[in-house]
Ligand SMILES: N[C@@H](CCC(=O)N[C@@H](CS)C(=O)NCC(=O)O)C(=O)O
């Protein structure tokens, strides 16, 4: 049994962390049973980030490295049958979402002041449902500072709200153009690009954190339908918190 260290479910999402939701959905897709632990200790995490797993007594971090490990050790390959060219396209889109779009999502949550006020409450309720937010305020403000510093170092943190809107619009439009009228991105069945898209679309459109880019993506019908389809297939048996 795998132990998955992740955030609790919220906003109808299995996790408010795209990387955690990506790994949890992937585990379901490949039918690997797991136990979810939402009490997170970043100090014990091998990469200092979530998600991480305990597998056969060993802690392993990073959603992509964990998938790679299962491919090597257990021969589990969600993308079996894809050509080298298709794998290259899939990798490029996944990296776009994980290494670029992700920081735009951080901007919406951590940098937009009104959204941070809401997001801080959500984080506080997850860490300690019964304690007043005020108790957690200093730690959460520290977390905000840390993420804003990461965003600055990565580069997204140097852009204006409008520039970030344009960057994310291009990312999601490219995804939508590539999906076109197909049910899934590359084959008749969902693969790695589907799970990655599902988690980033969900983590953009489901939180109650308004931003013009959210309105833009909500109009991309094929992406919204893809999100709903993935949710129905992989999470309709699970009660998700709102
Ligand atoms: N490449 C990593 C990204 C993990 C990641 O960015 N996790 C975030 C939450 S979505 C995190 O733990 N942030 C806390 C921090 O950076 O201290 C993966 O796919 O697992």
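Please treat every number below as a calculation from the coordinates, not as lab data. Remember, it's a predicted structure, so these values are computed and weren't measured experimentally. Note that we place each Cβ from the backbone using ideal geometry, even for glycine, and neighbour counts take in every protein chain shown.
All Cα-Cα distances of the stretch 154-241, cut into 10 Å bins from zero to the largest, leave 15, 47, 29, 9, 0 percent in each bin in turn. Per-peptide packing, taken as the mean over residues of other Cβ atoms within 10 Å, places 54-67, 228-241 in the sequence 54-67, 228-241 from highest down.
When both the stretch 44-75 and the stretch 185-221 are represented by their alpha-carbon centers, they are found 25 Å apart. Placing dummy labels 7 Å off each Cα toward the beta-carbon, the span from residue 139 to residue 113 is 2.7 nm. Global dimensions of the stretch 80-212 from alpha-carbon coordinates: Rg and Dmax equal 17.2, 53 Å.
In the chain, Cα pairs under 8 Å separated by at least six residues give a relative contact order of 26 percent. Among 219-226, 23-30, the peptide with the highest mean count of other Cβ atoms within 10 Å heads the list, and the full ranking is 23-30, 219-226. Equivalent-ellipsoid semi-axes for the chain (Cα gyration tensor, √(5λ), whole Å, largest first): 27, 23, 17. Averaging 1/r over every pair of different alpha carbons in the stretch 2-74 and inverting the result gives a Kirkwood radius of 12.1 Å. Just so you know, the Rg over Rh for the stretch 67-136 is 1.23, from Cα atoms, with Rh as the Kirkwood radius.
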